[in-house]
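Notes follow once the structure below has been shown.
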Amino acid sequence: MSDNSHTSPPAPGSELDLLMPLHFFLGAHSGFDVAFLAGEDIPEPYRKLLVHESDMTSTLADFHRSNIGLQVCEQVASEDFIMRAVVLEKPGLSGECEPVEFGAIGIQLEPFPELIREKIRAGEQPLGGILREEKISHSSRSRGFFKIRIDSHLAALLQAPEGSLLFGRCNVLSDAEGIDFADIVEILPALKGEAEAPASEAGSGD
């Protein structure tokens, strides 16, 4: 796993583009507040989970030592494109699933054979799990890291208190020819036993 921890914050004015999948689903709520950070400024253990060039499904499975499932919360789809808001989850001790990531993702279906398109459309497995299972060559590239003070909508999905300050990244998946096919915004819940981010204003960028 390569380390891109010195990735600088994105240029001013590019944040809206990077967060587009998140705004697509949550723009109407507009209650979250984001500040971009350098990768090296993400604290552990969140840095280990976010600052790398691997897909999040396998990273989370390794970290939690658990299978990772998919809950599709919202979706807008056409023949060749899907926009989804999802929660990745693991089995909990109580028998109920626990969220390990919120994701907003846009997926181009055109590069894939029809069998894989159908698996993606079905929404039963995380995209990273399908790519790994079908041995689809791809690469992952982080475009930015951030802290976010979540609103009530994200809080409910992540089973976290409203106003919690969490960490995330903007990521792109590309095929073997370097053509992007997925644009993703990923947010981690607070890990048990770990304090949330320092209680400064998310939008301050401090």
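Any read-out appearing in this document is the output of simple, stated calculations on the displayed coordinates, not a laboratory observation. Everything quoted here is computed from the prediction, not taken from an experiment. Here Cβ is always computed from backbone atoms with ideal geometry, including for glycine, and neighbour counts include all displayed protein chains.
Per residue of segment 167-184, what does 6.51 cos²θ - 1.76 cosθ + 1.60 with θ = phi - 60° give for ³J(HN,Hα)? Whole Hz please, x for Gly and Pro, Karplus curve as stated.
Result, rounded to whole Hz: 10, x, 8, 9, 9, 10, 9, 10, 7, 5, 9, x, 8, 5, 10, 8, 10, 10.
Find which of Ile187, Leu18, Ala104 sits farthest along the positive direction of the dipole of the chain, computed with +1 on the beta-carbon of Lys and Arg, -1 on that of Asp and Glu, about the Cα centre.
Ile187
I need the Debye-formula profile for the chain: one equal scatterer per C-alpha, no solvent, reported as log10 I(q)/I(0) at q = 0.14 1/Å, two decimals.
Result of the Debye calculation: -0.80.
Using only the alpha carbons of segment 90-148, what is the convex hull's orientation-averaged projected area in square nanometres?
6.0 nm²
Long-range amide H contacts for Phe181: which residues qualify at under 5 Å (H placed 1.01 Å from N, peptide plane, sequence gap of 5 or more or a different chain)?
Under 5 Å from the amide H of Phe181: Leu173, Ser174, Asp175.
How are the C-alpha pair distances of segment 131-194 spread across 5 Å bins, as whole percents from the shortest bin up?
Reading upward from the zero bin: 4, 16, 20, 17, 14, 13, 11, 5, 0.
Based on the mean of other beta carbon atoms within 10 Å per residue, what is the order of 119-125, 174-180, most packed first?
Listed from highest to lowest mean packing, they are 119-125, 174-180.
Before anything else, pin down the relative contact order of the chain: Cα pairs under 8 Å, at least 6 apart, normalised by residue count, whole percent.
Over the chain, the number comes to 24 percent.
How far apart, in nm, are the 7 Å Cα→Cβ label points at Glu133 and Lys48?
Computed distance between label sites Glu133 and Lys48 equals 2.8 nm.
What distance in nm separates the two pseudo spin-label positions at Leu115 and His64, each 7 Å out from Cα along the beta-carbon direction?
Placing both labels 7 Å beyond Cα along the Cβ direction yields 2.8 nm.
For segment 57-72, in order, what is each residue's ³J(HN,Hα) by Karplus, 6.51 cos²θ - 1.76 cosθ + 1.60 with θ = phi - 60°, in whole Hz (x at glycine and Pro)?
Couplings: 4, 5, 4, 5, 4, 5, 5, 8, 6, 8, 5, 10, x, 10, 10, 7 Hz.
How much length, in nm to one decimal, is gained on full extension between Phe81 and Gln159, taken as 0.36 nm per residue of separation minus their Cα-Cα distance?
Length gained between Phe81 and Gln159: 25.2 nm.
Would you grab the residues whose amide H sits under 5 Å from the one on Val100? Only those 5+ places off in sequence or on another chain, please, with H modelled 1.01 Å from N.
Leu88, Glu89, Lys90
Only four residue types carry charge here, +1 at the Cβ of Lys and Arg and -1 at the Cβ of Asp and Glu. Report the dipole size of the chain about the Cα centre in Debye, rounded to the nearest 20.
The dipole of the chain has a size of about 320 debye.
Pairwise over distinct Cα atoms, reciprocal of the mean inverse distance: report the Kirkwood radius of segment 20-119 in Å, one decimal place.
15.7 Å
Which FRET efficiency value, to the nearest 0.05, is calculated for Asp41 and Cys73 with the Förster distance at 25 angstrom and r the Cβ-Cβ distance? Can you show the working numbers first?
Values: r = 29 Å, r/R0 = 1.17.
That gives a FRET efficiency of 0.30.
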